[in-house]
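Comments concern the structure below.
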Amino acid sequence: MRAHPRRGLRPLAATAVVLGTLAALAGCSAAMNGPRPAAAPGTSAPARPAAANSPTISPTVSAVSTNVYARAGAGMLNDVTRRARPLVYVPDHTSNRVDVVDPRTYKVVERFRVPAGPQHVVPSWDLRTLWVNDNTGNKLTPIDPVTGKPGRSVSVADPYNLYFTPDGKHAIVMAEALKRIDFRNPRTMKLQWSLHVPCRGVNHADFTPDLTAFVVSCEFSGKLLVVPTSGRKVESVVDLNAIKTPGATDPMKAMQRSGPAQGITPGVTAMPQDVRLAPDGRTFLVADMLRNGVWMVDSATFRVRGFLHTGKGAHGIYPSRDASEIFVSNRDEGSISVLDAATLSIKTTWHLPGGGSPDMGGVTADGTQLWLSGRSNSVVYVLATSTGRLIRRIRVGTEPHGLCVWPQPGAFSLGHTGNMR
């Protein structure tokens with residue numbers, strides 16, 4: 001597929017129309033306390049007992065200097081992930097199954113059933129287990145990445161998405177329908193405590209550079225939450241609805257169509273999705289399906305400082321392995337925007353031949369391919385990260401969602417489909 005160059009919106013230019021509104025909202029979110037050392041590593045989070053070579057993190061390592069993904073570069077597998085069988089796990093939400101794809105042949109080599117409504121496949125903190133989030137079936141299904149085989153499902157209420165505290169001591173379940181964030185034992189998934197949230201559609205998150213707090217998107221309320229890593233309170237709420245941005249979709253029209261926008265609260269004008277920290281650690285990027293672009297949120301003050309229009313239905317955010325680029329999937333227009341990670345401006349936009357619905361996925365361990373589920377097309381797209389060429393369309397089940405490319409480089413997993421650090 002030929003890459004289609006497109007003039008990038010510089011962050012300052014793209015936000016010129018909203019500066020007045022941003023200033024008015026300066027008080028909508030409280031700044032967190034200054035950086036604090038990351039907690040020391042704790043108990044790992046496997047579905048089976050951890051071996052002696054479990055990954056560890058050093059509390060003295062600072063991720064804020066140049067690249068928070070420095071330990072997730074191309075080929076940087078560790079002793080645990082090198083043992084994993086190279087496979088891509090595709091949760092087919094409506095088919096209630098996971099399709100397993102061999103990335104060397106691009107063929108589905110296995111299919112297995114899961115309880116109901118799989119959303120994402122998530123690597124555990126210690127990289128020894130992949131968890132299928134079956135939120136309709138109220139289960140988490142473990143996969144052994146060494147064999148690629150599923151284990152016995154564990155009962156968990158409404159596991160739409162799954163994250164882990166940076167010390168590995170707690171699993172963080174985004175219980176979207178229940179309006180809460182559940183903290184659980186990462187080994188047994190037994191509930192430890194719940195944090196009730198003041199919004200609807202809590203689902204995606206990422207952590208600050210110092211790992212002391214995380215930002216959570218509330219899809220159906222148009223808000224972001226700032227939560228200390230301790231998980232005992234919501235520190236602040238960022239309301240995106242009052243901020244005007246260019247190229248937005250009319251929410252009333254979106255609600256009348258089929259799709260997730262039907263679930264938004266009346267009056268809501270923003271629909272935040274994936275949250276990822278930019279490689280330099282200064283900015284959270286938040287994809288927004290109604291605003292059709294990416295919010296830029298200061299990672300120190302948690303104030304919105306810009307917006308970048310990328311394309312209709314902006315959804316997933318993935319850094320390249322060398323941290324020089326950031327890929328944003330625009331689900332409703334069948335394109336992927338390529339951002340310069342240093343300037344947060346658009347370098348180019350890749351359009352899928354014949355259109356499509358690129359959703360969630362990840363970058364391969366060697367950094368050469370981007371795999372994305374085609375949410376409305378029952379396919380998986382494989383693209384060359386150097387050119388945007390479409391390498392393969394792979395037929396899978398109905399409504400493929402948060403696929404997981406495995407193994408991936410990194411010292412530990414913070415969750416989702418591979419938020420590695």
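The values are calculated or read from the model by the stated rules, or taken from the named source; none is laboratory data. Everything quoted here is computed from the prediction, not taken from an experiment. Heads up, the Cβs are rebuilt from the backbone with ideal geometry, glycines too, and the neighbour counts pull from every protein chain shown.
When segment 249-279 is filtered for residues that are outside any helix (DSSP H, G or I), out of contact with any Ser or Thr (no Cβ under 7 Å at 6 or more places or on another chain) and touching a residue at least 24 places away in the same chain (Cβ under 8 Å), the ones remaining, listed by number, are Thr249, Ile264, Gly267, Thr269, Ala270, Met271, Asp274, Arg276, Ala278, Pro279.
Residues that are surrounded by fewer than 19 Cβ atoms within 10 Å (Cβ to Cβ), at negative phi and part of a loop (DSSP other than H, G, I, E, B) within segment 137-153 comprise Val146, Thr147, Gly151, Arg152, Ser153, listed in sequence order.
Selection of segment 227-246 for residues being farther than 20 Å from Thr265 by Cβ and in contact (Cβ under 8 Å) with a residue 40 or more places away in the chain yields Val227, Pro228, Thr229, Gly231, Glu235, Pro246.
For segment 181-202, name all the residues that are crowded, with 18+ Cβ neighbours inside 10 Å, modelled with pLDDT of 95 or more and over 13 Å from Val226 (Cα atoms). Across segment 181-202, the qualifying residues are Asp182, Phe183, Arg184, Pro186, Met189, Arg200, Gly201. Of all residues in segment 369-386, none satisfies being surrounded by 23 or more Cβ atoms within 10 Å (Cβ to Cβ) and over 28 Å from Gly247 (Cα atoms). Taking the criterion of being in contact with an Asp or Glu (Cβ under 7 Å, 6 or more places away or on another chain), at pLDDT 95 or above and closer than 20 Å to Ser373 by Cα, the only residue of segment 118-140 that qualifies is Pro118.
With the condition kept exactly as written, say whether any residue in segment 244-258 is under 21 Å from the mean Cα position of the chain (by Cα) and crowded, with 19+ Cβ neighbours inside 10 Å.
Within segment 244-258, not a single residue is under 21 Å from the mean Cα position of the chain (by Cα) and crowded, with 19+ Cβ neighbours inside 10 Å.
Those strands (runs of 3 or more DSSP E) of segment 322-421 in which 3 or more residues are of a type outside the set (Ser, Thr, Tyr) and farther than 22 Å from Val101 by Cβ occupy 325-330, 335-340, 345-351.
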